[in-house]
Amino acid sequence: MLVSENWLRELISPDLDTQGLAHQMTMAGLEVEAIEDLSPEFSKIVVGLVESTDAHPNADKLKLTKVNIGSETLDIVCGASNVAAGVKVPVALVGAKLANGMKIKKAKVRGEVSLGMLCAKAELGLSEESEGLMLLADDAEIGQDFAEYLQLNDHVIDVSLTPNRGDCLSVLGLARDIAVLNNAALTPPPSKTVYALIEDTIDVKLNAGDACSRYCGRVVRDVDMAQATPIWMAERLRRAGVRSLNLVVDITNYVMLELGQPMHAFDLDKLDGGIQVRLAEQGEKITLLNNEEVELSEGTMVIADDTKPHAIAGIMGGLDSSVQSTTKNIFFESAFFHPDAIAGRARQYALHTDSSHRFERGVDFDLSRQALERATSLLLEITEAKPGPINEVVNEGDLPLREPITLRLARIERLLGVTLAAAEIVEILSLLAMKVTIEHDSEWCVTPPSYRFDIEIEADLIEEIARIHGYHHIEPAVMLGALSIRPQTETKIGKKQLCQRLVDRGYQEAISYSFIAPDVQSLFSPDISPIVLANPISTDMAVMRTSIWPGLIQAASRNLARQQDRVRLFETGACYFKDADGRREEQFVAGIIAGNTLAQQWACKTSLHDFYDVKSDIEALLGGLRVSFVADGHPALHPGQSAKIVGGDDAVVGWVGVIHPQLQQQLDIKAVTLFELKLDFALSQSIASFTPLSRFPSNRRDIAVIVDQNVSASALVACVQNSAGEMLKQVDIFDIYKGEAIDLGRKSVAMGLTLQDFSRTLTDADIESVVAEVVSALKNQYSASLRD
């Protein structure tokens, strides 16, 4: 925000120079980014009165003027179309320097002596372009230094405000804070009641719920739009970065800058019927003041008459009812629009206006009437218009509430690290216009003023106390805290160890987004309804993931596309589900491999990975946990190369398999193999404990059994493990055969059984007993027979 220092000092003028004031503001959170010195670039310019004009004898477009500058009357040749007797203008004397560096000399113009120059705004650096001379007000003192007349001994202070300080987006708002910082009296802008001279009003209806809970309007007739904006007002607008347009618009902008209340003025004769504050209907259109036609979306708040919208509320007015040079009668609007109703709406239409900037941060809901009175008063000081009464419509129940906040001394001391006297705390809060009542000796009940939308909790009050007390008065201190050592379990592995196992097997960790596209989600989990985000980053990140696989596949695809012929990635993270209680979050560890099994080298042949490479990785990852791999179907996995991973209690704890061919085609990726496990299950394994090696030899017996071809190898292994007893140390399947000498529909499975005892050497009888027990169990459970 740009603000004139002179304007600011009219309200509050502490005993500080410009740099000191800027430093004080910055230290209080009102950061001053820059200070521009407005000292004039011109010299020897004074106020002059044109006493007469005569035609130039040798040029049709030039005039001979006599200009009174107080000390003398000068003959000056002028070509401006608006030069006339009786006007006051800036006069560049002989020897003067203009803003562009040009020096004025005594000269002859078409044979006539000219002892100076009558100036336009552009020649003084007050405007980029201008038409005709700069005409001054009647009260300008003849002969007065022009820079002094315009009060150009000024600075423009550029204040960078944080979004929570919408109350400081005005000269009054900044002055309030500066007055508190200096414990000085504030001189508020003039405020007086304007009495109606006519009875004209417009019916106003509020049909936008709590989006607009207060609306003030006033009819003003017989406005003379030919009246120029006073130079003092136009200059203040210019220094604030606001372009002067016409008298009425300039007044609304001036009030906004002065008080912080955005206003709008309609051409009354362009309105059809009453004013309605309502929500737009889908498809309604409006041509805005920037000459752009926009189609309004449903839910956008508009100011409309009985036939059509005339403004997007709190953002920008419409061109059809705008105030022009031909306007005679106007309708002033000053309203409170709730920040939630304005936030984001301007960006929706690619707009950002001074009004939207203020309304979306919060404008004082008690300011509307005062601002309207101020605007009317300024208008009547300049032109003899006829104001009507103020029509104020208020929905009291929809106005924001300022709830009392409990403030505790102990909390202040804990957050700030300093001890403040109770009297100082109460004084600071009172200076900030907060209502303070004492609850106890060290506890207060505090109610913020209407213009402080950023004060909601106790910490907000403490921030204000620190700000006004002065951050530089708070001594730095070393942070102290009791640190407790969290005991680590020595019986279970941790997540870090689990990840290290995958790294040791050649995997690299990936981190992907928890948000995915709805269509991708449906490919992996078509039977699961995902959690939909209310405000997604993009349409490709509109739902919460129910599997880590989509992110891993995307990462693997990017690596494969960059000539990586061996990709192994894993990720640990949360997936999100709906349940009866609302939403549930569950942790998983997942992995993907693609390309070759081993990195290319001379000693090994290059071969593509397969299902069993990942299966062995899972077995290594789970360590001593006993799991089984049961062939089953999954929407994202190949029907013949997928399995569910079943834990010891027969609960499904994960999935493994090759990507489904259709999904592979849709995602345009090479064949990959995936796994996903519940992290809690993977972490439930115990840390390996020391077991001494047996001093006695181990013995291996191989058996081959013929079983139905639908019996899985894992089922046979489980049967052997359950029946062999403690002597069995390992079971290995080393051959599966179908063909000659094997009946159709059956297969031969060869297994090696490793037997050992810790207390003695096994005899042949011991071994044969175990083998017989295994064969019997296989025969009973799977109708297995020994192959000859």
Flagged in segment 425-468 as within 18 Å of Gly166 (Cα to Cα) and among the acidic types (Asp, Glu), in numbering order, are Asp454, Glu456, Asp460, Glu463, Glu464
Please work out if Glu456 is surrounded by fewer than 16 Cβ atoms within 10 Å (Cβ to Cβ), in contact (Cβ under 8 Å) with a residue 40 or more places away in the chain and over 30 Å from Ile330 (Cβ atoms). yes
Does Ala185 meet the test of being loosely packed, with under 15 Cβ neighbours inside 10 Å, out of contact with any strand residue (DSSP E or B) (no Cβ under 8 Å at 6 or more places or on another chain) and either at positive phi or among the hydrophobic types (A, V, I, L, M, F, W, C) (or both)? yes
Kindly evaluate Leu161 against the criterion of being in the same structural domain as Val67 (by TED's automatic domain parsing) and of a type in the set (A, V, I, L, M). no
Restricting to segment 727-741, give me the number of residues that are touching a residue at least 24 places away in the same chain (Cβ under 8 Å) and within 28 Å of Ser759 (Cα to Cα). 4
So which of Thr572, Thr597 is in contact with an Asp or Glu (Cβ under 7 Å, 6 or more places away or on another chain), β-branched (Val, Ile, Thr) and not assigned by TED's automatic domain parsing to the domain that holds Asn710? Thr597
Taking the conditions exactly as written (at pLDDT below 95, charged (D, E, K, R) and in a loop (DSSP other than H, G, I, E, B)), does Asp75 satisfy them or not? no
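For Leu498, state whether it is part of a helix (DSSP H, G or I) and either within 34 Å of the chain's Cα centre (by Cα) or modelled with pLDDT under 90 (or both).
So Leu498 fails the test.
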Which one of the conditions (1) in a strand (DSSP E or B); (2) surrounded by fewer than 19 Cβ atoms within 10 Å (Cβ to Cβ); (3) free of Cβ contacts under 8 Å to residues at least 24 places away in the same chain does Ala34 fail to meet, given that it meets all the rest? (3)
Any idea which residue in segment 385-399 is modelled with the highest pLDDT, counting only those that are surrounded by fewer than 17 Cβ atoms within 10 Å (Cβ to Cβ) and not in a strand (DSSP E or B)? Pro389
Return only the number of the condition from (1) surrounded by 15 or more Cβ atoms within 10 Å (Cβ to Cβ); (2) touching a strand residue (DSSP E or B) at 6+ places or on another chain (Cβ under 6 Å) that Leu21 does not satisfy. (2)
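What number of residues within segment 669-693 satisfy the criterion of being touching a strand residue (DSSP E or B) at 6+ places or on another chain (Cβ under 9 Å) and in a loop (DSSP other than H, G, I, E, B)? Break it down into steps so the answer makes sense when it comes.
Taking segment 669-693 first, the residues touching a strand residue (DSSP E or B) at 6+ places or on another chain (Cβ under 9 Å) are 669-687.
Among the residues that remain, those that are also in a loop (DSSP other than H, G, I, E, B) are: 669-671, 683-685, 687.
Summing the residues that are touching a strand residue (DSSP E or B) at 6+ places or on another chain (Cβ under 9 Å) and in a loop (DSSP other than H, G, I, E, B) in segment 669-693 gives 7.
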More than 30 Å from Ile275 (Cβ to Cβ) and out of contact with any His (no Cβ under 6 Å at 6 or more places or on another chain) - does that describe any residue in segment 188-200? no
Residues of segment 633-667 classified as farther than 15 Å from Phe588 by Cβ and either in the same structural domain as Val711 (by TED's automatic domain parsing) or modelled with pLDDT of 90 or more (or both), total: 20
Segment 518-534 residues that are more than 17 Å from Ala574 (Cα to Cα), paired with ones that are surrounded by 12 or more Cβ atoms within 10 Å (Cβ to Cβ) (beta carbon under 6 Å, 6 or more apart): Pro518/Ala542; Pro518/Val543; Val520/Pro550; Leu523/Leu663; Pro526/Pro635
All but one of (1) closer than 20 Å to Ser52 by Cβ; (2) crowded, with 18+ Cβ neighbours inside 10 Å hold for Leu169; which doesn't? (1)
Quick one: Asp702 ticks every box in (1) acidic (Asp, Glu); (2) closer than 28 Å to Asp649 by Cβ; (3) in a strand (DSSP E or B) bar one, so which box is it? (2)
Just checking, which of Val242, Val220, Val180, Val194 is closer than 30 Å to Leu2 by Cβ and assigned to a helix (DSSP H, G or I)? Val180
Going through segment 537-574 in order, the residues found to be under 22 Å from Leu637 (Cβ atoms), part of a helix (DSSP H, G or I) and either hydrophobic (A, V, I, L, M, F, W, C) or in contact (Cβ under 8 Å) with a residue 60 or more places away in the chain (or both) are Trp549, Leu552, Ile553, Ala555, Ala556, Ser557, Leu560
Hey, does segment 459-474 have a residue that's closer than 28 Å to Glu360 by Cβ and in contact with a strand residue (DSSP E or B) (Cβ under 7 Å, 6 or more places away or on another chain)? yes
Are any residues in segment 748-767 free of Cβ contacts under 8 Å to residues at least 40 places away in the same chain and surrounded by 12 or more Cβ atoms within 10 Å (Cβ to Cβ), and if so, which ones? Asp766
Looking at Val46 and the list (1) in contact with a Pro (Cβ under 8 Å, 6 or more places away or on another chain); (2) aliphatic (A, V, I, L, M); (3) under 30 Å from Glu463 (Cα atoms), which single condition is not satisfied? (3)
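If you scan segment 423-432, which residues turn out to be surrounded by fewer than 14 Cβ atoms within 10 Å (Cβ to Cβ) and of a type outside the set (D, E, K, R)?
Of everything in segment 423-432, those that are surrounded by fewer than 14 Cβ atoms within 10 Å (Cβ to Cβ) and of a type outside the set (D, E, K, R) turn out to be Ala423, Ser430.
Taking into account only those residues within segment 1-19 that are part of a helix (DSSP H, G or I) and out of contact with any Pro (no Cβ under 8 Å at 6 or more places or on another chain), which is nearest to Leu237 (Cα to Cα)?
Going through the qualifying residues, I end up with Trp7.
The values are calculated or read from the model by the stated rules, or taken from the named source; none is laboratory data. All values derive from a computational prediction rather than experimental measurement. Because the Cβ atoms are built from the backbone with ideal geometry, glycine has one as well, and the counts that use them run over all protein chains shown.
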